[in-house]
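J.: Take this structure first; my questions come after.
Bear in mind that the values in this text are calculations on the coordinates, not laboratory data. For clarity, every value in this text was computed on a predicted model and none was experimentally measured. Cβ: placed from backbone, ideal geometry, glycine included. Neighbour counts: every protein chain shown.
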Protein chains: 2
Amino acid sequence: MSGIIKSEPFHIQAYKNIQRRLLEKEFSPGEQLTESFLAKKLGISRGPIREAIRMLLHDGLLVQSGVHVFVFDPTFEDVIDLYSCRERLEPLGANLAAQNITEENKQKLKEIIDNTESALSNKEDNHKIASLNTDFHDLITQSSMNRQLIQFMNLIRAKNIYMRNVLLGDFTRKEKFIDEHRRIADAILVGNKYEAEQAMVDHIQVDLETWKDIYKQK
Amino acid sequence: MSGIIKSEPFHIQAYKNIQRRLLEKEFSPGEQLTESFLAKKLGISRGPIREAIRMLLHDGLLVQSGVHVFVFDPTFEDVIDLYSCRERLEPLGANLAAQNITEENKQKLKEIIDNTESALSNKEDNHKIASLNTDFHDLITQSSMNRQLIQFMNLIRAKNIYMRNVLLGDFTRKEKFIDEHRRIADAILVGNKYEAEQAMVDHIQVDLETWKDIYKQK
DNA sequence: TATTTTGTAAATGTTGACAAAATACAGATA
DNA sequence: TATCTGTATTTTGTCAACATTTACAAAATA
């Protein structure tokens, strides 16, 4: 019959578990993480932990110095580096999405925009709004149908979320971005790749400016 | 004192070893690779092999289907996907290199151009010329001083070399590219970031056209 | 004959034990 | 005081044994 849920292997569980703890700042940036410490904390052996650590090193959420592994301690320069890449890649995603998006994803895109607007007007919590924001960007990347780009954007997104949590904390902007999102979505929905790309460039640049503003006043 | 060479851990050795065998097409695209097969072949246990496999999965040289791992079997669509990303990222590298390159790297850049010219006029072997080509692109990326970009370009380069070996074999172009390289280098050396970026865009587009030509006639 | 069950081989998943290496620290020496 | 050096401790590196999963073939059953 059905319904038999195959549990994930431990190294995948460990990867997600540690990633979540990192995003929730349960570990301090710069802190050393040892295999045995994590193994004991998650109640499994060091083998799967090693694999999870290797994955998080690849994601850039952990960094290696010699043989030891530490929690990534981002600087504002790291934000600039990441956004330089993001500013090139994500507009490519918007461009391709305008050409390749499926009808199903068009529907989803409209829903995300609508849900975001109502969440904003209902003043729902930051977590909900941040989640919708992520969904918006993720859907566009997925709609590009470029597997290489999707892989790169996954790396960028994880690191971006982490750096935002570490460097900005709960500070965030809530009002302006919906207009920018709608401009991007409209362009994609009518298949205007140039406008979609430019709208995404503008959106990312505004986002980085907001980073700078918040970072300055801290 | 000096000269004490610390041998690398097995999983790093295994990573490089398997990567080399993949680039040399010792394994066929689409072939399944098992941990025990590789462990026996390299004469080490499965543990380090597992880690090496995970790294090669991240590089995209191996792919996972269910629990099993196979040698990446690239299509021309994969080339397009990769070049779409490369066309955005590597020109960014040239742009940044024009602003941030050190005097030391300027010297190296000139040397690479000179060596390439003499290698071409002496009709040296393809391997030597391909190596100088890689050095040229790598040096520019390094000179961007953007660590995130360097990481992405490392992924792009490995996959690019692999796909070239698999899909094009020994076919390559030898004459034209030195002029394009010199145009890029000149712009970087005088700090003209716009010209450096555009020259790199043009270079990559010509490269992709060459791919298409060679691929068509096969 | 069709279907289900059982058996078997091959692959990955997981662990704990031990080896090797790096690190921290105390005490000796200049 | 500063530095060297040996030692204890911690951490990563490596392995081999065992467990689990999967796919497929063979056998039993309806």
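J.: Kirkwood Rh and Cα-based Rg: tell me the resulting Rg over Rh for chain A, rounded to two decimals.
T.: When Rh is taken as the Kirkwood radius, the ratio is 1.00.
J.: Same structure again: In terms of Cα to Cα distance under 13 Å, which aspartates and glutamates are near enough to A:LYS212, apart from those fewer than 8 places away along the same chain?
T.: Once the sequence-local aspartates and glutamates are set aside, what remains near A:LYS212 is A:GLU77, A:ASP78.
J.: Cα-based Rg of segment A:65-126 per 2.2 N^0.38 Å, rounded to two decimals?
T.: 1.73
J.: Taking B:LEU57 in one copy and the same position in all the others, each labelled 7 Å out along Cα→Cβ, what are the pairwise distances from the first, in nm, shortest first?
T.: 1.6
J.: Hey, fewest Cβ within 10 Å first, where do B:ASP78, A:ASP213, A:ASP186 land in order?
T.: A:ASP213, A:ASP186, B:ASP78
J.: If you don't mind, there's one more thing I want to ask. Which whole-number percent gives the relative contact order of segment A:1-121, counting Cα pairs below 8 Å spaced six or more residues apart?
T.: Rounded, it is 23 percent for segment A:1-121.
J.: To make sure I understand, if each residue's beta carbon is the centre and we count other beta carbons within 10 Å, what order do B:PHE27, A:PHE70, B:PHE37 fall in, fewest to most?
T.: Exposure proxy ranking, most exposed first: B:PHE37, A:PHE70, B:PHE27.
J.: With the radius of gyration and the Kirkwood radius both derived from the Cα set of the protein assembly as shown, what is their ratio Rg to Rh?
T.: Result: Rg/Rh = 0.97.
J.: Mind listing the label-point distances from B:GLU124 to the same position on all other copies, shortest first, one decimal in nm, points 7 Å along Cα→Cβ?
T.: 6.2
J.: Rounded to the nearest 10 degrees, what's the angle between the helix A:126-143 long axis and the longest principal axis of chain A, both from Cα atoms, 0 to 90?
T.: Between the helix axis and the principal axis of chain A, the angle is about 70 degrees.
J.: Could you work out which residue, out of B:ILE156, B:ILE188, B:ILE178, moves most in a Gaussian network model of chain B, that is, has the largest mean-square fluctuation with Cα springs under 10 Å?
T.: B:ILE178
J.: Return A:LEU189, A:LEU89 ranked ascending by Cβ neighbour count within 10 Å, so the fewest neighbours appear first.
T.: Going from sparsest to densest Cβ surroundings: A:LEU189, A:LEU89.
J.: Distance from the Cα centre of segment A:102-174 to that of segment B:84-112, in angstrom?
T.: Segment A:102-174 and segment B:84-112 have Cα centres separated by 32 Å.
J.: A follow-up question, please. Angle between the Cα long axis of helix A:103-121 and the longest principal axis of chain A, 0 to 90 degrees, nearest 10?
T.: Taking the Cα atoms of chain A, the angle to A:103-121 is about 90 degrees.
J.: When chain A is modelled as a GNM with alpha-carbon springs shorter than 10 Å, which of A:LYS159, A:LYS41, A:LYS16 fluctuates the most?
T.: The residue that fluctuates most here is A:LYS41.
J.: Placing a label point 7 Å from Cα toward Cβ, how far apart in nm is B:ASP202 from its equivalents in the other copies, listed shortest first to one decimal?
T.: 3.1
J.: Additional query: Which semi-axes, in whole Å and largest first, does the equivalent ellipsoid of segment B:9-106 have when worked out from the alpha carbon gyration tensor as the square roots of 5 times its eigenvalues?
T.: 32, 19, 11
J.: While we're here: For chain A, find the longest principal axis of its Cα atoms and tell me its angle to the long axis of helix A:10-23, 0 to 90°, nearest 10.
T.: 70 degrees
J.: Right, something else. What does the helix-only formula give at 222 nm for the protein assembly as shown: each DSSP H stretch with n ≥ 4 adding -39500 (n - 2.57), the total divided by the residues, and the result rounded to the nearest 500 deg cm²/dmol?
T.: One gets -23500 deg cm²/dmol as the mean residue ellipticity at 222 nm.
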